[in-house]
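Colleague: What follows is a single structure, and I will ask about it in a moment.
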Amino acid sequence: MHVDDKTLYDLGIISRYEQQSLFHYLDFTTTSGGKDWLRFFIKEPMSDIEQIRDRQALLNHMRDKVLPPTVSNGTMMVMDKFYYSPMTNIPNSSSMVDVTFFKWLSRPDYVLLRYSMGHLARFVYGMKKVHEIYAPDCPSRELSEIMDKTGEILEKPFFKQMGKLGARIEKGGKLTAREVIKYGHSLYQYTEKTGMKALEESFLKIDAWASMAKAVKEHKLAFPEILECDAPVMEAKGLYHPLLDAPVAYDLQLDQGKNFLFLTGANMAGKSTFIRAVGIGLYLAALGMGVPAVSMRVSTFDGLLSNIEVTDNTLNGESYFFNEVQRVKTIVEKIKQGSKWLILIDELFKGTNIVDAMKCSTTVVEGLRKVDHSIFILSTHLYEIGEPLRKYPNIQFRYFETEVIEDNLIFSYQLRDGISNDRLGYLILQREKVTDLLNNL
């Protein structure tokens with residue numbers, strides 16, 4: 001599924017402040033390499049229904065299983081240092097003479113080798129445990145391929161012996177100097193290095209998938225039903241924004257017959273949060289993950305684009321309004337190709353005067369609503385343009401209501417049918433005592 005960088009930042013999938021991102025929300029990795037793979041997987045949403053279902057099966061298979069503690073981030077760092085450290089040629093013979101000469105003539109290399117071999121042996125033992133946990137009854141093609149490859153490597157005589165050494169170390173034993181030289185020679189310079197690197201990559205991928213599976217369990221996410229249909233569909237009950245401490249849940253139903261949601265409401269009423277919740281829900285579904293909802297039914301989509309946070313670019317001489325126009329142009333160019341897209345637009349044309357904004361917004365809505373192979377959610381504070389659009393049967397009208405009680409704003413964050421008529425800007429100005437400050441200048 002195509003998602004550009006702007007959309008990733010708009011939805012908070014990634015963020016300049018990692019702790020405020022969806023990536024951080026999903027990150028339960030135990031290794032830095034696993035974290036890198038998690039970042040890779042999160043940036044690769046899928047459009048193929050079989051791939052999505054296979055990932056769902058993988059995460060469901062891993063959800064109630066725990067990675068063995070044998071393999072730590074420290075072990076993975078030692079392995080990387082071992083392979084990237086220049087080392088004197090390790091003897092291809094583990095005779096006492098060769099071992100003695102190497103120990104005394106290349107003392108620093110021997111110390112590094114001995115330390116590394118202990119960690120590598122424990123790692124191989126840990127991968128044996130990983131294989132025992134995840135390989136049986138694996139329903140996922142993606143995971144099965146990794147497990148089959150891992151099993152083949154672990155069945156080789158060399159790695160069988162390494163696993164036994166690792167088990168001995170786990171119980172407090174130590175490697176002999178001859179074992180250090182024998183296995184170090186094979187792993188550092190010769191054929192078994194390839195097998196060890198393959199095991200390392202497999203573990204890091206599993207660490208990333210285990211993190212995604214744990215996130216599904218810890219956050220009580222629900223696996224969506226992925227629909228095999230040509231038309232766009234997105235139905236959700238109890239959908240919420242997962243990054244909020246106390247989110248409000250929404251119900252949503254959009255399909256080919258009702259594929260345009262025209263959203264209104266006062267500032268701070270919840271429009272942007274709702275739009276992001278919808279985008280995050282689809283994005284997680286396309287990753288094969290559970291979603292923050294009671295239930296969801298969704299078709300596959302070819303792309304997801306948003307226009308939520310727009311800025312000007314002083315250095316390039318680009319105004320706020322110009323960048324809004326360019327974003328709409330990008331959206332139109334994408335959807336005219338005939339693919340299924342989810343388009344999220346928040347407060348369109350804030351960067352121009354109200355007359356221009358109304359004319360431009362009406363033109364955009366009347367153009368986009370003709371496209372029945374995509375789903376659109378557009379919010380606006382220009383309530384006036386809503387009534388003339390009621391003649392189009394595929395447009396839904398929803399608003400977030402706001403109550404004013406004794407000059408206090410009460411936000412319910414609940415979606416209602418219709419078009420908002422709240423005009424609360426001046427009230428907020430008064431409530432924050434700005435009018436008093438201005439009057440006293």
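The values are calculated or read from the model by the stated rules, or taken from the named source; none is laboratory data. Treat the numbers as computed from the prediction; the structure is a model and nothing was measured. Methodologically, a virtual Cβ is constructed for each residue, glycine included, from the backbone with ideal geometry; neighbour enumeration extends over all protein chains shown.
Colleague: Return the pair list, or none, for Cβ contacts closer than 9 Å from residues in the range 270-294 that are under 19 Å from Ser47 (Cα atoms) to residues that are surrounded by fewer than 24 Cβ atoms within 10 Å (Cβ to Cβ) and of a type in the set (Asp, Glu), at least 6 apart or on different chains.
Modeller: Gly279/Asp10; Leu287/Glu44; Gly288/Asp54
Colleague: Which count do you get for residues in the range 14-34 that are touching a Phe, Trp or Tyr at 6+ places or on another chain (Cβ under 9 Å), surrounded by 19 or more Cβ atoms within 10 Å (Cβ to Cβ) and more than 30 Å from Pro232 (Cα to Cα)?
Modeller: 4
Colleague: Let me ask something additional. For residues in the range 358-379 being assigned to a loop (DSSP other than H, G, I, E, B) and touching a Lys or Arg at 6+ places or on another chain (Cβ under 9 Å), which is nearest to Ser272 (Cα to Cα)?
Modeller: Within the range 358-379, the match that is nearest to Ser272 (Cα to Cα) is Ser374.
Colleague: Only one residue in Glu170, Glu192, Glu179, Glu142 is at pLDDT 90 or above and either assigned by TED's automatic domain parsing to the domain that holds Thr75 or closer than 23 Å to Asp36 by Cβ (or both). Which one?
Modeller: On inspection, the qualifying residue turns out to be Glu142.
Colleague: Next question, about the same structure. Do we have any residue at all in the range 48-66 that's at pLDDT 95 or above, assigned to a loop (DSSP other than H, G, I, E, B) and closer than 28 Å to Lys217 by Cα?
Modeller: Scanning the range 48-66, I find at least one residue that is at pLDDT 95 or above, assigned to a loop (DSSP other than H, G, I, E, B) and closer than 28 Å to Lys217 by Cα, so the answer is yes.
Colleague: If you go through the range 9-24, how many residues are assigned to a helix (DSSP H, G or I) and either of a type outside the set (Phe, Trp, Tyr) or assigned by TED's automatic domain parsing to the domain that holds Ala277 (or both)?
Modeller: Of the range 9-24, the ones assigned to a helix (DSSP H, G or I) are 9-10, 18-20, 22-24.
So of that shortlist, the ones also either of a type outside the set (Phe, Trp, Tyr) or assigned by TED's automatic domain parsing to the domain that holds Ala277 (or both) come out as 10, 18-20, 22, 24.
Qualifying residue count, the range 9-24: 6.
Colleague: Which is within 19 Å of the chain's Cα centre (by Cα) and β-branched (Val, Ile, Thr), of Val332, Val278?
Modeller: Val278
Colleague: Could you list, in sequence order, the residues of the range 132-167 that are under 20 Å from Gln56 (Cβ atoms), out of contact with any Gly (no Cβ under 8 Å at 6 or more places or on another chain) and part of a loop (DSSP other than H, G, I, E, B)?
Modeller: Answer for the range 132-167, where residues must be under 20 Å from Gln56 (Cβ atoms), out of contact with any Gly (no Cβ under 8 Å at 6 or more places or on another chain) and part of a loop (DSSP other than H, G, I, E, B): Pro136, Asp137, Cys138, Pro139, Ser140.
Colleague: Quick check: anything in the range 76-87 closer than 22 Å to Gly166 by Cβ, surrounded by fewer than 17 Cβ atoms within 10 Å (Cβ to Cβ) and among the charged types (D, E, K, R)?
Modeller: yes
Colleague: Ok, one more. Just need a number here: residues in the range 170-189 that are farther than 21 Å from Phe101 by Cα and either touching a Leu at 6+ places or on another chain (Cβ under 7 Å) or without any contact (Cβ under 8 Å) to a residue 12 or more places away in the chain (or both).
Modeller: Adding up the residues that qualify gives 3.
Colleague: From the list Pro232, Pro247, Pro242, which residue is touching a residue at least 12 places away in the same chain (Cβ under 8 Å), touching a strand residue (DSSP E or B) at 6+ places or on another chain (Cβ under 8 Å) and assigned to a loop (DSSP other than H, G, I, E, B)?
Modeller: Unique residue meeting the criteria: Pro232.
Colleague: Right, another one. Quick test of your reading of the structure: Leu113 fulfils all but one of (1) hydrophobic (A, V, I, L, M, F, W, C); (2) within 18 Å of Phe203 (Cα to Cα); (3) in contact with a Phe, Trp or Tyr (Cβ under 8 Å, 6 or more places away or on another chain). Name the failing condition by number.
Modeller: Of everything listed in (1) hydrophobic (A, V, I, L, M, F, W, C); (2) within 18 Å of Phe203 (Cα to Cα); (3) in contact with a Phe, Trp or Tyr (Cβ under 8 Å, 6 or more places away or on another chain), Leu113 misses just condition (2).
Colleague: Oh, and also: Can you confirm whether Lys129 is at pLDDT 95 or above and either in a helix (DSSP H, G or I) or of a type in the set (S, T, N, Q) (or both)?
Modeller: Taking the combined requirement at face value, the residue satisfies it.
Colleague: Just to be sure I understand, how many residues within the range 179-229 are acidic (Asp, Glu) and surrounded by fewer than 18 Cβ atoms within 10 Å (Cβ to Cβ)?
Modeller: Of the residues in the range 179-229, 4 are acidic (Asp, Glu) and surrounded by fewer than 18 Cβ atoms within 10 Å (Cβ to Cβ).
Colleague: Identify, from the list Phe41, Phe123, Phe101, the residue that is within 30 Å of Met1 (Cβ to Cβ) and in the same structural domain as Met147 (by TED's automatic domain parsing).
Modeller: Phe41
Colleague: Would you point out the residue of the range 124-178, among those that are of a type in the set (Val, Ile, Thr) and touching a helix residue (DSSP H, G or I) at 6+ places or on another chain (Cβ under 8 Å), that is surrounded by the fewest Cβ atoms within 10 Å (Cβ to Cβ)?
Modeller: Ile169
Colleague: Please enumerate the residues belonging to the range 326-357 that are in a helix (DSSP H, G or I) and surrounded by 17 or more Cβ atoms within 10 Å (Cβ to Cβ).
Modeller: Going residue by residue through the range 326-357, those that are in a helix (DSSP H, G or I) are 326-335, 354-357.
Scanning the range 326-357 gives Arg327, Val328, Ile331, Lys334, Ile335, Ala357.
Colleague: I need every pair where a residue in the range 81-94 that is in a loop (DSSP other than H, G, I, E, B) has its Cβ under 6 Å from the Cβ of a residue that is aliphatic (A, V, I, L, M) and surrounded by 12 or more Cβ atoms within 10 Å (Cβ to Cβ), sequence separation at least 6 or different chains.
Modeller: From residues that are in a loop (DSSP other than H, G, I, E, B), the pairs are Pro91/Ile181; Ser94/Ile181.
Colleague: Do you know which residues across the range 90-119 are over 41 Å from the mean Cα position of the chain (by Cα) and closer than 18 Å to Thr194 by Cα?
Modeller: Scanning the range 90-119 gives Ile90, Asn92.
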